[in-house]
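For reference, the structure is listed below as structure tokens.
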Number of protein chains: 2
Amino acid sequence: MGTTDLESVPEPKYWHLKTVLSDALDTEFAVGEILPNERELAARFGVARATLRQALEQLELEGRLQRRRGVGTTVAPPRVGVAVGDSTHGWTDGGADAWQSVDSVEAVPPAAVARLLETDPDTPVHRVRRTRIGQGLPLAAELLYVPAESVPGLAAIDTPSGLARARAVLRELRRLALEGRERSVELGSARADDAKELDRLPGAPVLVVTTRYVAAGRTVAVAVATYRADTCRLTFGDPHDSEELLAG
Amino acid sequence: MGTTDLESVPEPKYWHLKTVLSDALDTEFAVGEILPNERELAARFGVARATLRQALEQLELEGRLQRRRGVGTTVAPPRVGVAVGDSTHGWTDGGADAWQSVDSVEAVPPAAVARLLETDPDTPVHRVRRTRIGQGLPLAAELLYVPAESVPGLAAIDTPSGLARARAVLRELRRLALEGRERSVELGSARADDAKELDRLPGAPVLVVTTRYVAAGRTVAVAVATYRADTCRLTFGDPHDSEELLAG
DNA sequence: AAGTGGTCTAGACCACTGT
DNA sequence: CAGTGGTCTAGACCACTTT
């Protein structure tokens, strides 16, 4: 006796560190408070900075921390509940849902999108860029792909691109009677352009919501929205109890 | 003239590396194929192993690669589409949906769950553990929290815990007429127990789906399901076109 | 035993933010 | 400008799987 083999399953240091920090965040820090810098924290816990960073990365992934280069690491507020599945409003822009059009161009969609649209992979379609704002911060960046056949009314409009064009595309879309939509959510990492829109570094983890809009038995549009995974909690179904009400 | 300042926005090495590897995966490798090991890849690209690993981590996060200690790095198959929003079946166990009960105990729920259940934070509730299998691999691990008031019929059953108890709880739940449910999806990292169930290391990225089941105006149960973020694409809405049909 | 990915170190320099 | 987090290196050892 005397020798305890409790160490038979040695927990990685960064994992243990994460637990310790997580508890400290609950008890000793307030939302928005700035933590000591990484070099000092590493010294305090007696680990290399890289190991400390591994723990911080996990906590940031879980939405507990927010790190900004040149500024510091702060305690993050609870994640924002963002309604995604609300079927009452479809293409609304501005207003309560806070989608904001940015611009529109004609572009060849990614192969995966072309497959959903059932269009030729090399044929350009309308591509509308939108941003979603909530609580003052950018939540999501979206690219909406619309084949020309879906919005025949556009042929009469001469704005070639830009914000006016984006609004024109959405206006035409709203005329369609939607039969339904189909959504999927997966993990991704922010492309350079989305990252800029979301005020994050490229590669930041995002929740990619792909929506297929169906009208008259056809896929009339496909939206690919990337939500900041660190700050967003996507909510589906009856939104009667979600945080959206508070933001009103 | 002569000096080009194209380097004014120097891309990080690991980011560029990720792009190169991603293209190589598309063109030079087949699903399931084993990549050269990390030390060799690093040498081949002239970077430190840590930098190479940063690129691999991103690709794994995006579901392009699968890494297993002691084995190697393989090219991952496309993500599995997993239906989550299907409201036709609720508590089904086994069968087409492939939920499989593991066991059940009485336990105090996490604070966040207690808040949803509107129960006292210190009062234990039934906790059923289930696993979801698809294409031969574990997709999700779930903890279903059920207050005793929701399943009064259980008082007459004497199995204290285990698989039999889990099935008994589900049987009682199926008697309830569900009014609706409310779901949210967010990014998390696998706790040690879930990680084991999912055949991943602790801290692996997961999609956490929290479901609140409502019957007779009350929250009768809360499920917290953690899906492997690397292999799963969660689908919502009409599942008529999802991959589930192929798996039948 | 050999080979793989996972963890950890100690240090360096860079990019960005504030003052 | 000083201070922050972000990137990168070269090396070591560990845990795990397969042979």
**OP:** Determine how large the accessible area of A:Ser189 is when every protein chain is in place; take a 1.4 Å probe and give Å² rounded to the nearest 10.
**Re:** 20
**OP:** Over the stretch B:11-75, average the accessible area per residue using a 1.4 Å probe and give it in Å², no decimals.
**Re:** 58
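Restricting to DSSP H runs of at least four residues, report the calculated mean residue ellipticity at 222 nm for chain A, -39500 (n - 2.57) per run over all residues, nearest 500 deg cm²/dmol.
-8000 deg cm²/dmol
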Original post:
Do the alpha carbons of any pairs in A:Lys18/B:Lys196; A:Lys18/A:Lys196; A:Lys13/A:Lys196; A:Lys196/B:Lys18 sit beyond 27 Å of each other, and which pairs?
Top reply: A:Lys18/A:Lys196; A:Lys13/A:Lys196
Original post:
For the stretch A:80-247, what Kirkwood radius comes out of the mean inverse Cα-Cα distance, in Å?
Top reply: 16.3
Original post:
Among B:Gln66, B:Gln100, B:Gln58, which one moves the most in a GNM of chain B with springs linking Cα atoms closer than 10 Å?
Top reply: B:Gln58
Original post:
Which of the residues in the stretch B:184-200 lose at least 20 Å² of accessible area when you go from the chain alone to all protein chains together (probe 1.4 Å)?
Top reply: B:Ser184, B:Val185, B:Glu186, B:Leu187, B:Ser189
**OP:** Quick one: among A:Ala156, A:Ala42, A:Ala50, which has the greatest mean-square fluctuation in a GNM of chain A with alpha-carbon springs under 10 angstrom?
**Re:** A:Ala156
Original post:
Once the Cα atoms of helix B:49-61 and of chain B are each reduced to a long axis, what angle between those two axes, in degrees from 0 to 90 to the nearest 10, is obtained?
Top reply: 40
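Please list, by residue number, every one of the GluC sites (Glu not before Pro) in the stretch B:90-179 that is coil in DSSP and has at most 14 other beta-carbon atoms within 10 Å.
Here the GluC sites (Glu not before Pro) that fit, given the DSSP loop and packing criteria, are B:Glu118, B:Glu179.
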Subject >> Estimated FRET transfer efficiency (A:Thr19, B:Leu137; beta-carbon r; R0 30 Å; 0.05) >> reply: 0.60
**OP:** Give the nm distances, rounded to one decimal, from A:Pro36 to the matching residue in every other copy, measuring between label points 7 Å along Cα toward the beta carbon; shortest first.
**Re:** 4.3
Subject >> Summed buried accessible surface, chains A and B, 1.4 Å probe, nearest 100 Å² >> reply: 2500
**OP:** Enumerate the whole-percent occupancy of each 5 Å bin, from 0 to the last occupied one, for all C-alpha pair distances of the stretch A:117-181.
**Re:** 4, 14, 23, 23, 19, 11, 5, 2
**OP:** Heads up, I need the accessible area for A:Ile34: 1.4 angstrom probe, whole protein in place, Å², nearest 10.
**Re:** 100
Subject >> chain B: angle of helix B:13-28 to the longest principal axis, Cα-based, in degrees nearest 10 >> reply: 80
Original post:
How many Å² of accessible area per residue for the stretch A:107-248, probe 1.4 Å?
Top reply: 44
**OP:** Determine the share of the stretch B:11-75's accessible area contributed by carbon and sulfur atoms, expressed in whole percent, with a 1.4 angstrom probe.
**Re:** 50
Subject >> Loop trypsin sites (Lys or Arg not before Pro), the stretch A:14-83 (other Cβ atoms within 10 Å of the site Cβ: 16 or fewer; DSSP) >> reply: A:Arg69
Original post:
Hey, what's the Cα Rg ratio for the stretch A:6-75 versus the globular rule of thumb, 2.2 N^0.38 Å?
Top reply: 1.10
**OP:** Note the full-extension length gain between B:Thr74 and B:Glu33 as 0.36 nm times their separation in residues minus their Cα-Cα distance, in nm to one decimal.
**Re:** 14.2 nm
**OP:** Please report, to one decimal in angstroms, the Kirkwood hydrodynamic radius of the protein assembly as shown built from all distinct Cα-Cα pairs.
**Re:** 24.8
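How high is the FRET efficiency from A:Ala192 to B:Ala111, r the C-beta distance, R0 51 Å, rounded to 0.05?
Working: r = 39 Å, r/R0 = 0.76.
According to the calculation, E is roughly 0.85.
When only C-alpha pairs under 8 Å and at least 6 residues apart count, what is the relative contact order of chain B, in percent?
19
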**OP:** Give the long-range amide H neighbours of B:Ala221: residues separated by 5 or more places, or on another chain, with amide H under 5 Å away, using H modelled in the peptide plane at 1.01 Å from N.
**Re:** B:Tyr213
Subject >> ³J(HN,Hα) computed for each position of the stretch B:31-47 - Karplus, 6.51 cos²θ - 1.76 cosθ + 1.60, integer Hz, glycine/proline x >> reply: 4, x, 5, 8, 6, x, 6, 4, 5, 6, 4, 4, 4, 4, 8, x, 10
Original post:
If the chain between A:Thr51 and A:Leu201 were fully stretched, how many nm would it gain, using 0.36 nm times the residue separation less the Cα-Cα distance?
Top reply: 51.9 nm
Original post:
At A:Pro152, with labels set 7 Å past Cα in the Cβ direction, how many nm apart are the copies from this one, shortest first?
Top reply: 6.1
Subject >> Shielded by partner chains, the stretch A:202-227 residues - at least 30 Å² of accessible area, 1.4 Å probe, vs chain alone >> reply: A:Pro202, A:Gly203, A:Leu207
Original post:
Does any residue of the stretch A:35-77 lose at least 50 Å² of accessible area with all protein chains in place compared with its chain alone, and if so which ones (probe 1.4 Å)?
Top reply: A:Leu61
Original post:
To one decimal in nm, how far is B:Arg171 from the same spot in the other copies, if labels go 7 Å from Cα toward Cβ? Please give the shortest first.
Top reply: 6.3
**OP:** Take A:His16, B:His126 and sort them by solvent-accessible surface of the protein heavy atoms, 1.4 Å probe, largest at the top.
**Re:** A:His16, B:His126
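The values are calculated or read from the model by the stated rules, or taken from the named source; none is laboratory data. For clarity, every value in this text was computed on a predicted model and none was experimentally measured. Quick reminder, even Gly has a Cβ in these numbers, built from the backbone with ideal geometry, and neighbours come from all protein chains shown. Surface accessibility is based on the protein's heavy atoms, side chains included, excluding ligands, DNA and RNA. Shrake-Rupley method; radii C 1.70, N 1.55, O 1.52, S 1.80 Å.
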